[in-house]
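Enquirer: Quick one: this structure, given as structure tokens, is what I'll be asking you about.
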Amino acid sequence: MDKAYASVEEAIKDVFDGAVIAFAGFFSAGRPLELTRALAKTGVKGLTIVAQQVGTGNEEILELVVNGQVKKVISNYPFPRSATKGLEHPFEQAVRQGRIKVEVYPIGTFVEKLRCAGAGLPAFYTPTGVGTVVAEGKEIRVFNGIENVLETALPVDFAFIHAWKGDREGNLVYHCTARNYNNAMAMAGKVTIAEVETLVDAGGLDPDFIHTPGIFVKRVVEVGRPKLEKASV
Amino acid sequence: MSGLKKVIIPEMPPLEREMIALRIANMLEEGSYVNLGIGIPTLVSNWIEGRDIILQAEIGMLKSGPLAEEGQEEQDRINASCQFICAMPGSSYFDIETSFAMIRGGRMNVAVLGALQVSAKGDLAGWNNPSRGLGKVGNIGGSMDLAVGARKVIVAMEHFTPGGEPKIMSECSYPLTAKACVDVIVTNYAVIDVTPDGLVLKEAIPGVTAEDIQKMTAAPLKVAADFKEMEL
């Protein structure tokens with residue numbers, strides 16, 4: 001099965017207005033820079049963004065925000081850490097002006113919502129968030145004497161991910177802490193698009209060391225080693 | 001705001017942030033898996049060199065090493081504070097779902113977390129300062145999972161807000177990170193245990209009395225039978 005695409009533009013051609021898109025990565029590590037940059041040039045709008053950061057430490061998603069392509073963000077750490085910097089930040093300003101809606105979850109819940117979507121599980125209970133605003137309006141159930149909150153799976157229309165190496169079948173290998181959200185988001189995507197630094201033919205990766213099996217990946221496109229400015233919080 | 005009165009701070013100089021971190025490093029047991037939050041907690045890593053303590057970076061790394069030297073940074077290897085770090089013999093990488101399985105699954109012996117407020121019952125408020133005006137959204141990150149999942153939670157913080165108000169109080173007025181999760185509070189003035197009987201003052205910095213600490217704290221303190229001057 002050959003899932004390789006010649007260009008990022010070709011690989012994201014069917015992204016539609018109103019799509020829910022997960023973007024992998026954590027600060028400098030494992031972000032799909034080229035796919036995101038290509039999306040900023042398409043003009044698709046009304047997007048729901050699922051990502052660790054928006055803006056600070058993720059300039060490519062910020063471009064989507066500045067372009068007015070985003071209507072909602074689902075995240076765990078979306079705002080600049082500094083309150084002062086936040087006031088000047090285009091994403092935080094859009095939220096304060098009501099132009100973008102935001103949903104936040106603890107990281108463990110955020111990633112499990114994605115993993116469950118990919119694993120055929122509609123919902124799960126977690127002790128994290130009980131007694132906080134995160135649990136407001138949600139079912140609470142006691143297991144083994146401990147209160148848990150019911151959280152639902154988060155399937156996404158598209159998952160944009162970044163891998164160190166991939167083969168034409170869509171098997172992926174990540175590098176260091178760049179693995180982070182890539183596997184869970186690959187599983188959650190109805191259409192998962194992987195940009196890879198190096199693309200090899202089937203047989204070019206050791207089957208014992210595949211991190212994401214190709215069944216979760218629809219398209220693969222080679223982009224080379226990403227060039228980043230210094231990461232900043 | 002909460003209507004708390006500003007308090008008079010004793011003239012003794014409080015501990016520097018690095019010294020709060022050192023006091024906490026001295027509490028950690030050999031053979032522990034430890035997660036350090038952003039801020040003062042991160043400084044604990046400066047005091048554990050050569051010790052049998054394994055740090056978890058929740059982005060997906062165990063045995064997370066010291067900060068990378070200038071020119072040696074690997075953009076794919078960072079900690080949760082977005083600092084470039086080194087790998088060590090015995091390090092491992094994994095995905096975030098595995099990282100938080102470790103945390104919620106009770107595998108972290110200790111989490112060291114920053115805080116905006118801690119209550120007498122050990123409630124922790126650390127993710128949302130209402131003065132920022134963002135309402136019910138903000139930056140949660142891994143804090144709620146760590147507060148609930150770590151076997152022991154040590155809070156590392158200044159005793160007062162920048163405005164001079166006490167951060168230890170009978171009830172938190174800010175949105176909670178988790179209820180009844182804190183075991184020990186280490187500030188720039190004191191070490192306080194959270195017990196079923198309330199807050200117990202264990203140590204104070206030299207030149208500051210138990211009475212002073214009580215005046216600086218908006219919740220009742222019991223003084224431990226073995227109350228002593230803090231040693232570093």
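The values are calculated or read from the model by the stated rules, or taken from the named source; none is laboratory data. Everything numeric in this text was worked out from a predicted model, so none of it was measured. So basically every Cβ, Gly included, is an ideal-geometry build from the backbone, and we count neighbours across all protein chains shown.
Enquirer: Any residue that is more than 11 Å from every other protein chain (Cβ to nearest Cβ) and free of Cβ contacts under 8 Å to residues at least 60 places away in the same chain - is there at least one of those in region B:103-120?
Expert: The answer is yes; a qualifying residue exists.
Enquirer: Name the strands (runs of 3 or more DSSP E) wholly inside region A:128-233 in which the number of residues that are under 25 Å from A:Leu47 (Cβ atoms) and more than 13 Å from chain B (Cβ to nearest Cβ) is 3 or more.
Expert: Here the list reads A:156-167, A:189-200, A:219-222.
Enquirer: Then there's this: How many residues does region B:186-200 contain that are surrounded by 19 or more Cβ atoms within 10 Å (Cβ to Cβ) and either among the aromatic types (Phe, Trp, Tyr) or not in a loop (DSSP other than H, G, I, E, B) (or both)?
Expert: Of the residues in that region, 7 qualify.
Enquirer: Right, something else. Testing B:Gly164 on (1) more than 14 Å from chain A (Cβ to nearest Cβ); (2) at pLDDT 95 or above, one condition comes back false. Which one is that?
Expert: (2)
Enquirer: Here's something else I'd like to know. Residue under question is B:Val155, and the condition is that it be buried (at least 22 other Cβ atoms within 10 Å of the Cβ) and either among the basic types (Lys, Arg) or touching an Asp or Glu at 6+ places or on another chain (Cβ under 8 Å) (or both); does it hold?
Expert: Judged against the criteria, B:Val155 is not a match.
Enquirer: Another question, then. Find the residue count for region A:128-150, including only residues that are surrounded by 17 or more Cβ atoms within 10 Å (Cβ to Cβ) and within 18 Å of B:Pro175 (Cβ to Cβ).
Expert: Of the residues in region A:128-150, 9 are surrounded by 17 or more Cβ atoms within 10 Å (Cβ to Cβ) and within 18 Å of B:Pro175 (Cβ to Cβ).
Enquirer: A further question follows. Please enumerate the residues belonging to region B:68-115 that are closer than 27 Å to A:Met187 by Cα and of a type in the set (Val, Ile, Thr).
Expert: Correct list: B:Ile78, B:Ile96, B:Thr98, B:Ile103.
Enquirer: When region B:88-102 is examined, which residues are found to be free of Cβ contacts under 8 Å to residues at least 40 places away in the same chain and of a type in the set (Ser, Thr, Tyr)?
Expert: B:Ser91, B:Ser92, B:Tyr93, B:Thr98
Enquirer: For region A:68-91, enumerate the residues that are more than 16 Å from A:Ile21 (Cα to Cα), in contact with a helix residue (DSSP H, G or I) (Cβ under 6 Å, 6 or more places away or on another chain) and either surrounded by fewer than 22 Cβ atoms within 10 Å (Cβ to Cβ) or within 8 Å of chain B (Cβ to nearest Cβ) (or both).
Expert: A:Phe79, A:Ala83, A:Gly86, A:Pro90 - these are the residues of region A:68-91 that are more than 16 Å from A:Ile21 (Cα to Cα), in contact with a helix residue (DSSP H, G or I) (Cβ under 6 Å, 6 or more places away or on another chain) and either surrounded by fewer than 22 Cβ atoms within 10 Å (Cβ to Cβ) or within 8 Å of chain B (Cβ to nearest Cβ) (or both).
Enquirer: Any idea which residue in region B:211-225 is surrounded by the most Cβ atoms within 10 Å (Cβ to Cβ), counting only those that are more than 15 Å from B:Ile185 (Cα to Cα) and in contact (Cβ under 8 Å) with a residue 12 or more places away in the chain?
Expert: So the residue we want is B:Asp212.
Enquirer: Tell me, which residue of region A:92-119 that is within 10 Å of chain B (Cβ to nearest Cβ) and assigned to a loop (DSSP other than H, G, I, E, B) is surrounded by the most Cβ atoms within 10 Å (Cβ to Cβ)?
Expert: A:Pro106
Enquirer: Another question about this same structure. Would you mind finding the one in A:Gly108, A:Gly129 that is within 17 Å of B:Gly126 (Cβ to Cβ), at pLDDT 95 or above and touching a Phe, Trp or Tyr at 6+ places or on another chain (Cβ under 6 Å)?
Expert: None of the other options fit; the residue is A:Gly108.
Enquirer: To continue, here is another question. From B:Val186, B:Val191, B:Val208, which residue is in contact (Cβ under 8 Å) with a residue 12 or more places away in the chain and closer than 21 Å to B:Trp127 by Cα? Outline the logic, then answer.
Expert: Numbers: B:Val191 fails: closer than 21 Å to B:Trp127 by Cα; B:Val208 fails: closer than 21 Å to B:Trp127 by Cα.
One residue alone meets the criteria, B:Val186.
Enquirer: So, one more: Inside region B:141-185, can you point out the residues that are more than 21 Å from A:Pro127 (Cα to Cα), outside any loop (DSSP other than H, G, I, E, B) and touching a Leu at 6+ places or on another chain (Cβ under 9 Å)?
Expert: Hits for region B:141-185 are B:Ala156, B:Pro166, B:Ile168, B:Met169, B:Ile185.
Enquirer: Which one is nearest to B:Asn35 (Cα to Cα) among residues in region B:79-100 that are aliphatic (A, V, I, L, M) and more than 7 Å from chain A (Cβ to nearest Cβ)? If you could, list the steps in order and put the result at the bottom.
Expert: So the first thing to find is which residues in region B:79-100 are aliphatic (A, V, I, L, M), and the list is B:80, B:85, B:87-88, B:96.
Next cut, more than 7 Å from chain A (Cβ to nearest Cβ) only: B:80, B:85, B:87-88.
Numbers: B:Ala80: 10, B:Ile85: 15, B:Ala87: 16, B:Met88: 16 Å.
Going through the qualifying residues, I end up with B:Ala80.
Enquirer: Separate question: Which one of these is of a type in the set (A, V, I, L, M), more than 9 Å from chain A (Cβ to nearest Cβ) and at negative phi: B:Ala178, B:Ala147, B:Ala204?
Expert: Details: B:Ala178 fails: more than 9 Å from chain A (Cβ to nearest Cβ); B:Ala147 fails: more than 9 Å from chain A (Cβ to nearest Cβ).
Of B:Ala178, B:Ala147, B:Ala204, the one residue that is of a type in the set (A, V, I, L, M), more than 9 Å from chain A (Cβ to nearest Cβ) and at negative phi is B:Ala204.
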